[in-house]
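S.K.: Sending over a structure as structure tokens; questions will come in a sec.
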Amino acid sequence: MGWVARLTLTVIGLALIRSLWSGLGPLWRWPMLLVRTLGARVGRANRKRRSSSSDQPDPFTVLEVQHRLGLIATELRVLEAKDADLTYYARAHRIHTRRSAYDQLLAEACELAGVPAQHPGPEGRICRTADERFCVEMELAARGWHW
């Protein structure tokens, strides 16, 4: 019986030394590492299957873009209002930057909704006239977008 105990302790000791040298950590962590590895592989397989089965964008991304569009549109309305403070420092610059941000968000929304892309202007920026903006907004509204 003594030789069985010695053999068991030797095997356990050698396994611990090997695990510490190989980077797997102590023996009691092996089940946890196995579960994590299997979980990661199953998760990747599920994501791959989901992404191939549906071309729908993430609904939370859609909501985030809609929320940002609403915020920028509100800021533009306040800056362009007839009763706005005309002495507001750098008002024209603020209007220009808000329009540019709004156009970029419209381009992102078009990409998410599957609306055909508009032609980018110089330096890759989206430059839109009021009519182009209106057409894009109507196309997004027809696809169920609102902000």
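Values quoted throughout were computed directly from the atomic coordinates according to the rules given, and no laboratory measurement underlies them. Bear in mind that the values here come from a model prediction, so they are computed numbers and not experimental data. Neighbour counts are summed over all protein chains in view; Cβ atoms, including those assigned to glycine, are modelled from backbone coordinates with ideal geometry.
S.K.: Between SER100 and ASP131, what is the label-to-label distance in nm when each label sits 7 Å out along the Cα-to-Cβ direction?
M.R.: 2.5
S.K.: I want to verify the translational diffusion coefficient of the stretch 59-142 in µm²/s; compute it with Stokes-Einstein, Rh as the Kirkwood radius over Cα pairs, at 10 °C and 1.306 mPa s.
M.R.: The Stokes-Einstein estimate is 116 µm²/s.
S.K.: Here's another thing I want to ask about it. Averaging sequence separations of C-alpha pairs under 8 Å and six or more residues apart, then dividing by the length of the stretch 59-142, give the relative contact order as a whole percent.
M.R.: 28
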